[in-house]
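Below: one structure, written as structure tokens.
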């Protein structure tokens, strides 16, 4: 039967060709040079004002960065993060209207190792970026992704904020800051962190092994993003920053939202695409560029000569269907061309959602109900009622060797007797592990992959599934995994004696 | 128009990978009887400058969605997009907004 | 080189499951497919013994497979249900005649009672007549609204306790995507629900037993079981916007087959922030059907048809609903707007 839903009125008409009145909608005098959104035309001057104001307003409205705080800017070299850097520079300058008041630092993570770029290529890019960073006067840190192998497993635990953060309101903090007339400038000698990339060849090899073992580009992108994030958070923490600023723009976030849904990250949408991300506890991530469309950023950078460096990523020059993210980007961009409100509508959806995190506590005892990799609350509780997750477990189970199918005690709704069609096979080759929820009987996966499953959210499970062996993951992840499993076992043993269920 | 049409410059930002890594091109379009418009320019670029993967730059008659086009530093949407007729010493810039930032 | 079925290990594998990629023989596939639907029904507690269940039968693959599987499971696991096929005749010449023939054949094949309700008898308008009045741009709106009610009214006439429809995983995933693209938070929250409770007078609870079944597997099932179904597209072209979502979904499936389930998982797990405005559900003052406005969509559309105002109900004219309800005459300007020329 026709599945058309009755309430979609088909109101979305394609946009009409713009009439060429060409006057700036703001000052109404100068000729417009740019169209943004659906029909707002700006002249160069008014656009600059609008652009600059939006950045300050975004930070001012959210009141999350306190004066004097140390904020680490994650710059990827791309237009959005470079634009963000430029805005921070402008905002901190002495004569700025509504001056910004925090202390910035820059971090760049060179991912060339995962992409298989040569050391020379990587060094070239780093040199270019370094001169850009030097010109800002801010301290900067340039790290190769290979440093993930030196990360401590504590990076996967939520840390409580340092006790330095007093219970004062934002306004009071600002007033106090102005009164004491603190200066945000830094002495130049504190600037340079590294003159060259310090890469350990064995680490590069390990990195390439990891990414080589991943079958799909989708999973590669996801894991790269995860590792990058861990490294960013650790850098912020170890260098004394309390905030991390990411340069995701509106277009990018709309694509990310839709891609996240396609990857099973519905529960984590708000935290993945919202303005602030509190999952790490002490380091808060903010996205001040989220109201800018990619077009606005590109145009501004071009008009006002904001430098950026083109750096290839995993999906550069790939086809549309190479990965979920790539496909989503292509889809959204094409749809946006026909229906100009696409990006803003999708983006607005993220503002109406929330991500439920387990209640914070001072002890780190709650870590078992958070995903090992993305640190969001687990969304894989198999309960009595039907769910997509449970359905996938059942499907896996039913498609495999019946003879060795275990009784899954974790999901009581599964019937212990699987009648099935006539079979004379007495028993098949299969593993004896019970309560594994399926998946372990497949010859494709090594047993190690299964052991991580219970510690991962739905989406991260999918990523690890595409790895031929989870053993290749960096040590900090594996040791934390083992630690959590040991604790979980302990808990199981003494469960009946614990008075507080949540501990 | 009788004489050939020299453009002041043709620049590609973010898409230089498709143009042999060259960011800025000095282009002189051959003379023809009708004026050159953007639509024809795209065809010309595809034939003469694009080194690989045309589908990452053009789609059908126009540029791939996600690629910004500026003519003399103004949004081509304000100039008629494909219908805009090129003038002597025009400055055309293509900026890719896809992945990066 | 023949591959062994990964389930029984004996018979030759005849197909590769789109959902999991496993190679299965026919028998094991049938069994897995049916068992999964059974598990869904049990886990979601969709039915109670003794209930009368109406199966929305359109003659298409989803409802044909649904009818077949429901009958099989009802017997195999003793659900104790009384099953009836309910079919809706929209009055689209050519299209509907053939699919109704299929449903009648199904009735005989499955030995299930069949009831056909038509737009004609319910509303006094066939789709053909509606298209003549309204044109091809908004006809799908009418059809969708009317069909929903038609199924309910048919079910009420037969004293059916629940209706089940053939919505499959692809449909649910597509709806999730649509709602995100449209920014419709209220629908986004509801659209992954497997069943709807009774929401008022005249609304029969519905459920989707095939919610986790991939469309491709439904086709495979029907093909290997040699089930007969009618597979032509509606002649009145479908909503163009939904087509984008559908293409995107199909592309996603080709990149990573699990995305269909992954999207449903996302839909089931997202939560809306407190304080976000949601439309309030009330009832229609004319017919009692569930509605967030004073008049339900169906009544508004019908009014428009009957008064020769084809645009009534298309777009937002809520302020005019009061006038219509109280039978006040509309001003000339209002009438003109509603009678605006329709494009074909």
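The values are calculated or read from the model by the stated rules, or taken from the named source; none is laboratory data. Only a predicted model underlies this, so the values are computations on that prediction, with no experimental measurement involved. Because the Cβ atoms are built from the backbone with ideal geometry, glycine has one as well, and the counts that use them run over all protein chains shown.
Being without any contact (Cβ under 8 Å) to a residue 12 or more places away in the chain, within 10 Å of chain A (Cβ to nearest Cβ) and over 12 Å from the mean Cα position of the chain (by Cα): is that true of residue C:176 here?
no
From the list A:256, A:295, pick out the single residue that is farther than 19 Å from residue A:220 by Cα, at pLDDT 90 or above and outside the structural domain of residue A:376 (by TED's automatic domain parsing).
One residue alone meets the criteria, A:295.
Any chance you could count how many residues in region C:35-48 are at the interface with chain A (Cβ under 7 Å from one of its Cβ atoms), in contact (Cβ under 8 Å) with a residue 12 or more places away in the chain and over 18 Å from residue C:192 (Cα atoms)?
The number of residues fulfilling the criteria is 0.
In this structure, does residue A:225 turn out to be out of contact with any helix residue (DSSP H, G or I) (no Cβ under 6 Å at 6 or more places or on another chain) and surrounded by 20 or more Cβ atoms within 10 Å (Cβ to Cβ)?
Against the criterion (out of contact with any helix residue (DSSP H, G or I) (no Cβ under 6 Å at 6 or more places or on another chain) and surrounded by 20 or more Cβ atoms within 10 Å (Cβ to Cβ)), residue A:225 does not qualify.
Just to be sure before I move on: is residue A:126 touching a strand residue (DSSP E or B) at 6+ places or on another chain (Cβ under 8 Å), modelled with pLDDT of 95 or more and in the same structural domain as residue A:246 (by TED's automatic domain parsing) in the structure I sent?
The answer is no for residue A:126.
Provide a single number: the residues in region A:298-330 that are more than 20 Å from residue C:248 (Cα to Cα) and in contact (Cβ under 8 Å) with a residue 40 or more places away in the chain.
Qualifying residue count for the region: 15.
With respect to residue A:246, determine if the residue is modelled with pLDDT of 95 or more and within 14 Å of chain C (Cβ to nearest Cβ).
no
So, of the residues in region C:218-239 that are within 9 Å of another protein chain (Cβ to nearest Cβ) and surrounded by 13 or more Cβ atoms within 10 Å (Cβ to Cβ), which turns out to be modelled with the highest pLDDT?
C:234
Does residue C:146 qualify as being farther than 30 Å from residue C:48 by Cα, buried (at least 21 other Cβ atoms within 10 Å of the Cβ) and under 17 Å from the mean Cα position of the chain (by Cα)?
no
So, of the residues in region A:355-369 that are surrounded by fewer than 17 Cβ atoms within 10 Å (Cβ to Cβ) and not in a loop (DSSP other than H, G, I, E, B), which turns out to be modelled with the highest pLDDT?
A:369
Taking residue A:232, is it under 16 Å from residue A:84 (Cβ atoms), at pLDDT 95 or above, crowded, with 20+ Cβ neighbours inside 10 Å and away from chain C (no Cβ under 14 Å)?
Yes; evaluated as a whole, the condition is true for this residue.
Take residue C:168 and decide whether it is crowded, with 19+ Cβ neighbours inside 10 Å, in contact (Cβ under 8 Å) with a residue 60 or more places away in the chain and more than 26 Å from residue C:264 (Cα to Cα).
So residue C:168 does not fit the description; no.
Residue A:81: touching a residue at least 40 places away in the same chain (Cβ under 8 Å) and within 14 Å of another protein chain (Cβ to nearest Cβ), yes or no?
It is true that residue A:81 is touching a residue at least 40 places away in the same chain (Cβ under 8 Å) and within 14 Å of another protein chain (Cβ to nearest Cβ).
Among helices (runs of 4 or more DSSP H) lying entirely in region A:250-353, which contain 3 or more residues that are farther than 28 Å from residue C:273 by Cβ and more than 9 Å from chain C (Cβ to nearest Cβ)?
A:294-303
Please determine whether any residue of region A:135-145 is modelled with pLDDT of 90 or more, more than 24 Å from residue A:224 (Cα to Cα) and assigned to a helix (DSSP H, G or I).
There is at least one residue in region A:135-145 that is modelled with pLDDT of 90 or more, more than 24 Å from residue A:224 (Cα to Cα) and assigned to a helix (DSSP H, G or I).
Yes/no matrix, rows are residues, columns are (1) in a helix (DSSP H, G or I); (2) within 12 Å of chain A (Cβ to nearest Cβ):
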residue	(1), (2)
C:31	yes, yes
C:50	no, no
C:65	yes, no
C:71	yes, no
C:92	no, yes
C:100	yes, yes
C:109	yes, no
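Does residue C:304 satisfy the criteria of being crowded, with 16+ Cβ neighbours inside 10 Å, touching a residue at least 12 places away in the same chain (Cβ under 8 Å) and more than 23 Å from the chain's Cα centre (by Cα)?
Criteria met by residue C:304.
Do you know which residues across region C:129-141 are surrounded by fewer than 18 Cβ atoms within 10 Å (Cβ to Cβ) and either in contact with a helix residue (DSSP H, G or I) (Cβ under 6 Å, 6 or more places away or on another chain) or in a helix (DSSP H, G or I) (or both)?
Within region C:129-141, C:129, C:132, C:133 qualify.
Which residues, counting only those in region A:55-68, are part of a loop (DSSP other than H, G, I, E, B) and buried (at least 18 other Cβ atoms within 10 Å of the Cβ)?
Result: A:65, A:66, A:67.
With respect to residue B:66, determine if the residue is surrounded by 19 or more Cβ atoms within 10 Å (Cβ to Cβ), facing chain A (nearest Cβ under 10 Å) and on the phi > 0 side of the Ramachandran plot.
Yes, satisfied.
Quick one: residue B:97 ticks every box in (1) surrounded by fewer than 14 Cβ atoms within 10 Å (Cβ to Cβ); (2) at pLDDT 75 or above; (3) within 28 Å of residue A:248 (Cβ to Cβ) except a single one, so which number is it?
Status for residue B:97: all satisfied but (1).
Could you look through region A:383-413, keep only residues that are at pLDDT 65 or above and more than 7 Å from chain C (Cβ to nearest Cβ), and pick out the one that is farthest from residue C:263 (Cα to Cα)?
A:397
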